[in-house]
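The values are calculated or read from the model by the stated rules, or taken from the named source; none is laboratory data. As the structure is a prediction and not an experimental result, all values here were calculated from the model. Heads up, the Cβs are rebuilt from the backbone with ideal geometry, glycines too, and the neighbour counts pull from every protein chain shown. Surface accessibility is based on the protein's heavy atoms, side chains included, excluding ligands, DNA and RNA. Shrake-Rupley method; radii C 1.70, N 1.55, O 1.52, S 1.80 Å.
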Amino acid sequence: MKKFVVILLLFSVYIFAISYHAYRFVIEYTKDAQYTRYEEVFYKDGDKIVFVKSPKKVVWVKLGEKYYIGTTNELKLCPPIKDLEDIFYDYANFHKISLDVDGEITISEKAFTMKAIKINGMLEKIIRKFENVITEMIYIYVPSRYTFEDILSSFKLIDKSEIPEKIYDVFNLLLWFNVEYEDDKLKVYAVDKNGENVIFEISDKSGDFQVENYYITILEASDDTRKEIEDEISSNN
């Protein structure tokens, strides 16, 4: 499976009453390569606005249970997006780990391990190891003269998705995922909740399973996950 730095988790999010403005560097190390992403984040009580500045410019927003993404000031509804910070908060909440203290926090799961470092009540670094891939998220906090609401007001949020919202339920079967466009298809590279690789395509042209005017083709998945995806698609049609 191809490895990507943008790693996303689909669990219920734990909301922390905190606000910040920060620059984040995400570095992913594999056996053969290193990949870096640079972004600016405005965070307020669980909601966030993320400006991905490199390697490709894109903006995504989380407001409550809704997510939006785009490359202009018009952002369209999209499947849930969770970054490494959200993954850490979700698992810390799941394991009932207190986050009121500074220092190092380690979480061990079957599919991965995660370590976070907190200083003065704020996350300074998150490190996750999955198979032979190590991902680090490093924070640099800076003051801002703009509020979260100031930044949000510069965007037009459109409650219309590029793909049917019925397909969103398929993403909820995954532990985390990353998507990219290849040959006019939305290709999803993911890991299921058992730590197994999953790859599938979403197209408006053709495929194995139809959801409204779109099609899904499963390219790689365990037998159990394949059946879960097929059952989810069938229940939505």
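Table for the structure above
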{"item": "Test set (1) closer than 30 Å to Tyr29 by Cβ; (2) in the same structural domain as Asp45 (by the TED database); (3) buried (at least 18 other Cβ atoms within 10 Å of the Cβ); (4) among the aromatic types (Phe, Trp, Tyr) - Tyr141 fails condition number", "result": "(3)"}
{"item": "Odd one out for Asp90, checked against (1) crowded, with 16+ Cβ neighbours inside 10 Å; (2) among the charged types (D, E, K, R); (3) modelled with pLDDT of 90 or more", "result": "(3)"}
{"item": "From the options Leu175, Leu157, residue that is touching a Phe, Trp or Tyr at 6+ places or on another chain (Cβ under 9 Å) and modelled with pLDDT of 95 or more", "result": "Leu157"}
{"item": "Matching helices (runs of 4 or more DSSP H) fully within region 120-237 where at least 1 residues are in contact (Cβ under 8 Å) with a residue 24 or more places away in the chain and of a type in the set (Phe, Trp, Tyr)", "result": "148-152, 168-171"}
{"item": "Verdict on Asp83 being farther than 19 Å from Glu40 by Cα, among the acidic types (Asp, Glu) and in the same structural domain as Thr36 (by the TED database)", "result": "no"}
{"item": "Qualifying residue in region 119-129 (condition: within 15 Å of Asp83 (Cβ to Cβ) and among the charged types (D, E, K, R))", "result": "yes"}
{"item": "Check on Lys31, touching a residue at least 60 places away in the same chain (Cβ under 8 Å), farther than 19 Å from Lys82 by Cβ and open to solvent by 20 Å² or more (accessible area, probe 1.4 Å)", "result": "yes"}
{"item": "Of residues in region 65-87 being over 14 Å from the mean Cα position of the chain (by Cα) and of a type in the set (A, V, I, L, M, F, W, C), the one surrounded by the most Cβ atoms within 10 Å (Cβ to Cβ)", "result": "Leu75"}
{"item": "Residue selected from region 49-64 under the condition closer than 18 Å to Ile27 by Cβ and in a loop (DSSP other than H, G, I, E, B), by the criterion least open to solvent (accessible area, probe 1.4 Å)", "result": "Pro55"}
{"item": "Failed item, numbered, when Ile49 is tested on (1) modelled with pLDDT under 95; (2) closer than 22 Å to Val179 by Cβ", "result": "(1)"}
{"item": "Region 214-233: number of residues that are within 11 Å of Ile167 (Cα to Cα) and open to solvent by 70 Å² or more (accessible area, probe 1.4 Å)", "result": "0"}
{"item": "Any hit, region 70-77, residues being part of a loop (DSSP other than H, G, I, E, B), within 21 Å of Ser153 (Cβ to Cβ), polar (S, T, N, Q) and touching a residue at least 60 places away in the same chain (Cβ under 8 Å)", "result": "yes"}
{"item": "Residues satisfying the stated conditions in region 34-47, i.e. open to solvent by 30 Å² or more (accessible area, probe 1.4 Å) and closer than 17 Å to Lys62 by Cβ", "result": "Lys44, Asp45, Asp47"}
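So that you can scan it fast, the table gives a plain yes or no per residue for (1) assigned by the TED database to the domain that holds Thr72; (2) at pLDDT below 95; (3) surrounded by fewer than 16 Cβ atoms within 10 Å (Cβ to Cβ); (4) under 29 Å from Phe130 (Cα atoms):
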residue	(1), (2), (3), (4)
Phe148	yes, no, no, no
Val170	no, yes, no, yes
Val179	no, yes, no, yes
Asp192	no, yes, no, yes
Gly195	no, yes, yes, yes
Glu201	no, yes, no, yes
Asp208	no, yes, yes, no
